[in-house]
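A short worksheet on the structure shown next.
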Amino acid sequence: MTRYTGDEAGAERTFAALPSARGRGFAQTWWGRAWLTALEGTALDSGQLKAGRRLARAGAVGAVSVRPGRVTAVVQDPAGTAHRADVLLQELSAEQWDRFLAMTLERAGHVAALLDREMPTHLVEDAELAGVELLPGLGDLEPECGCGTWDHCGHTAALCYQVARLLDQDPFVLLLMRGRGERALLDALQTRGDASAGRSARPEGVDAAEAYAAGDILPSLPGPPPLPAEPGVPPSLDTEDAPGAGIDPRALEFLAARTAAQAHRLLAEALRDGHERQPVEPEPTVAQDAVRLAAGEPGRAVADRLAEGSGRGREGLAAAVRAWRHGGAAALAVLDEEWTVDRESAARARAALESAWDEDERPHLRARANRWTVAGAPVQLRLGRDGRWWPYRKERGRWVPAGGAAQDPATALASAQGAGAERERAGGE
């Protein structure tokens, strides 16, 4: 329930206390989440945020008063002590409101969206282009509380979480905090629209033939966005609520972090010169993606889940991760696949093996399928389907990758032997 007060209709709105929010998030809309991001990215004490969420979920926030530049409510501690909590937000200047109104009149859909209690992203983006910041940024939500805390306390945080619920229901709440109530805003738009219609009795434009002739004259495309210095940091899932059945917050946080890292890598490749001439990489299979994730050094619990879910076990997954780091999906296929070499590929392989060494230096190799094992040594060469050679070594009874691919089998064999020597030195130390 909303009550209007003040000389100007809509200059202040009072919302009855909301019921508890147990079992649901505080913000369902993107603009409600942006409000909470401004809070959570500013507060110095995450413990106060948790306390605020608990108070808000318990229904400890009383009626919320919204007026230009400020929201107010009485919040009760668990012990029953009441504190007045205020959160301040800078009002828009008269010039900024003029720019916002002019921008809104140019796009009738903006008004329609607001009347439908929606705040589409293009409305906010158009406002930003006009020099008007509607949504709060980091540091824009200033707390004041009767408890005496100078930073956001549990009381002001609880108020912010409840305001996010109000914003979900009605984005005009945000505009009122910025200085204009719904009725005043609509009246101003109506007045400006009438004045504009009076000034422009005749529509202005250009000759149709002239406009058609200039249709192929297009502005140049904007440059690509700069690459961020590092992947973004996913939000923390550390909340006071117990996770649902079968949900592992640590696994979700790891998955989100790896997704951000993968997105950063793909963007870096897309911005690299000549990217448009590169072949499109196929989407990884579920089995390949499990290895890719394991290569991201997850914690023990997540690694064990990947080992079990992939069917490889711990040692098998460790070998697959080594392959992935040496050559991605192609190296993983060489680890997993044993295939019969066709006659033409076998002839090329024999020619490569014969030309790689002098007659007196050539190692004795026993061939099976696409694998050539050095007799009497824990070293092996594997032929990939693309004609490259991959070095392998036997460790604890299992063949594992020992390096990246090479076009020359002698180079690949030297990598395997060098990896063995390095392992022996490490063991000796």
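The values are calculated or read from the model by the stated rules, or taken from the named source; none is laboratory data. Computed from a predicted structure; not experimentally measured. For neighbour counting, all protein chains shown are included, and Cβ atoms are generated from backbone atoms with ideal geometry for every residue, glycine included. Keep in mind that these areas ignore ligands, DNA and RNA; they rest on the heavy atoms of the full protein, side chains included. Shrake-Rupley method; radii C 1.70, N 1.55, O 1.52, S 1.80 Å.
For the reader, a short list of remarks on this structure follows.
Residue-wise test of (1) of a type in the set (Gly, Ala, Ser); (2) in contact (Cβ under 8 Å) with a residue 12 or more places away in the chain; (3) open to solvent by 30 Å² or more (accessible area, probe 1.4 Å).
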position: ALA60; (1), (2), (3): yes, yes, no
position: VAL64; (1), (2), (3): no, yes, no
position: ARG67; (1), (2), (3): no, yes, yes
position: THR72; (1), (2), (3): no, yes, no
position: GLY80; (1), (2), (3): yes, no, yes
position: HIS83; (1), (2), (3): no, yes, yes
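- Odd one out for TRP339 among (1) surrounded by fewer than 20 Cβ atoms within 10 Å (Cβ to Cβ); (2) in a strand (DSSP E or B); (3) within 42 Å of the chain's Cα centre (by Cα): (2)
- ALA333 vs. criteria of a type in the set (A, V, I, L, M) and open to solvent by 50 Å² or more (accessible area, probe 1.4 Å): no
- Residues in the range 27-41 that are open to solvent by less than 80 Å² (accessible area, probe 1.4 Å), more than 17 Å from GLU125 (Cβ to Cβ) and outside any helix (DSSP H, G or I): ALA27, GLY41.
- Here THR285 does not fit the description of being modelled with pLDDT of 85 or more, out of contact with any Leu (no Cβ under 7 Å at 6 or more places or on another chain), among the hydroxyl-bearing types (Ser, Thr, Tyr) and under 25 Å from PRO228 (Cα atoms).
- Search result, residues across the range 256-277 that are open to solvent by 80 Å² or more (accessible area, probe 1.4 Å) and of a type in the set (A, V, I, L, M): LEU266
- Only one of the numbered conditions (1) surrounded by 11 or more Cβ atoms within 10 Å (Cβ to Cβ); (2) out of contact with any strand residue (DSSP E or B) (no Cβ under 6 Å at 6 or more places or on another chain); (3) at pLDDT 90 or above is violated by ALA402, and that is (2).
- Restricting the range 242-279 to residues that are among the charged types (D, E, K, R) and part of a helix (DSSP H, G or I) leaves a set whose member that is nearest to ALA229 (Cα to Cα) is ARG265.
- Candidates ALA85, ALA79 - the one that is assigned to a loop (DSSP other than H, G, I, E, B), closer than 18 Å to GLY146 by Cβ and among the aliphatic types (A, V, I, L, M): ALA79
- Remark: LEU101 falls outside the filter, which requires a residue to be under 22 Å from CYS147 (Cβ atoms) and touching a residue at least 24 places away in the same chain (Cβ under 8 Å).
- Residue check for VAL374: touching a His at 6+ places or on another chain (Cβ under 8 Å) and among the β-branched types (Val, Ile, Thr): yes
- Hey, GLU95 modelled with pLDDT of 90 or more, under 29 Å from the mean Cα position of the chain (by Cα) and over 17 Å from PRO171 (Cβ atoms) or not: no
- All conditions but one from (1) without any contact (Cβ under 8 Å) to a residue 40 or more places away in the chain; (2) within 17 Å of ALA351 (Cα to Cα); (3) surrounded by fewer than 18 Cβ atoms within 10 Å (Cβ to Cβ); (4) of a type in the set (Lys, Arg) apply to LYS394; the one that does not is (2).
- Scan of the range 342-383 for residues that are open to solvent by 80 Å² or more (accessible area, probe 1.4 Å), assigned to a loop (DSSP other than H, G, I, E, B) and under 19 Å from GLN417 (Cα atoms), ordered by number: ASP358, ASP360, GLU361, HIS364, GLY376
- Residue, farthest from GLN262 (Cα to Cα), within the range 190-237, restricted to residues that are of a type in the set (A, V, I, L, M, F, W, C), assigned to a loop (DSSP other than H, G, I, E, B) and at pLDDT below 80: ALA201
- First in the range 264-288 and within 18 Å of ARG325 (Cα to Cα), second anywhere and open to solvent by less than 60 Å² (accessible area, probe 1.4 Å) and polar (S, T, N, Q), Cβ under 8 Å, 6 or more apart: ALA287/SER310
- Within the range 133-189, considering residues that are open to solvent by 10 Å² or more (accessible area, probe 1.4 Å), closer than 22 Å to LEU55 by Cα and in contact with a Pro (Cβ under 9 Å, 6 or more places away or on another chain), the one modelled with the highest pLDDT: HIS155
- In the range 280-330, the residues that are surrounded by fewer than 14 Cβ atoms within 10 Å (Cβ to Cβ) and not in a helix (DSSP H, G or I): VAL280, GLU281, PRO282, GLU283, THR285, GLU297, GLY299, GLY311
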